[in-house]
């Protein structure tokens, strides 16, 4: 998932549900105070075919937009919420953006920890900065979620997934991090899972069990479990990394399933769309068929690649970087059949703190909802 802070829109509970009632798993979850409920789109009131979440990074410029949380196909009242990602290397800017827009954010995932073994989880950034960020978020009633990545050897990951005792030790280590820092939940970004064909099967069967045990302990404390998932268009998937994620089993236990629906063409491969429309439709349609739609978040990249000479890795570029390249080489805008709509907004909107960002976010949300409605079967 994005390594910068991000925002996220979601929809409210179906109409007729009490404000304080917890919605069923197959309906859009109501927003609580977390990376950005709206306050952002509370003004959007309509019946939905699917609810949506929009995520865009803060504290350093937009790097991704995420649409997710498809709701029940019947009547649902939209109530967008926003979730953020704040990295340890941009914590001051990210926290400032979130805290200054606290009425918009529901939760903020602090990208801070790494698991190098079942029992070893270490902070990648300064602990003092982390505790300060958590305190700032909580003072604004924004949930502080801790993101944990993994760097275990494939053999160690496979052994952990296959061993109930090692899984229990890992859950205990993760809960210790939550308890130590008083966080409101965890966001697991374990992208090393399935990286070795010899352990992919163990990862696939054991990861949902680990997540289930972790979710049980988090939910007992009324805390959140989020997870990043490799994009795929069917089970079990094409690559070992895709095959390692059992969407159905994982979807039953997590609260947020963040689909990494980007890098269709990546920096080490041939040039092409980062997230082509047809490919993205297939990825999200499959995800919503395997996981309760209210839990699904779709990643929309706000970055690009600058491919150079054949055999060299492409350089990642932001929207501003693209504009600079166009000026440098006197390039022209062009359209292709892959572009379905282009809309320009006046002024800079790289940060949610900038005037006008709500208009951009609301437009993206409306567009996503409308196209979800058009593509849904009657």
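As a length-normalised measure over Cα pairs under 8 Å and 6 or more apart, the relative contact order of segment 76-163 settles at 31 percent. In terms of its alpha-carbon gyration tensor, segment 123-163 comes out prolate; a/c meets the 1.5 threshold, and the first ratio a/b outweighs b/c. Each Cα pair under 8 Å and six or more residues apart adds its separation to the average, and for segment 191-315 the resulting relative contact order is 24 percent.
For segment 222-309, the alpha carbon positions stretch 50, 26, 21 Å along the principal axes, listed from largest to smallest.
For segment 187-238, a/c is not less than 1.5, where a ≥ b ≥ c are the root eigenvalues of the C-alpha gyration tensor, and a/b tops b/c. That puts it in the prolate class. Three principal axis extents of segment 157-255 based on alpha-carbon atoms, in descending order, are 39, 26, 18 Å. Distance from the Cα centre of segment 308-332 to that of segment 182-206, in angstrom? Using only Cα atoms, the two centres lie 34 Å from each other. From the alpha carbon centroid of segment 224-285 to that of segment 125-142 is 31 Å. Computed over segment 268-324, the percent of Cα pairs more than 14 Å apart is 64.
Each value in this text was obtained by applying a stated rule to the coordinates, not by laboratory testing. Since the structure is predicted, the reported quantities are computational estimates derived from the model, not experimental observations.
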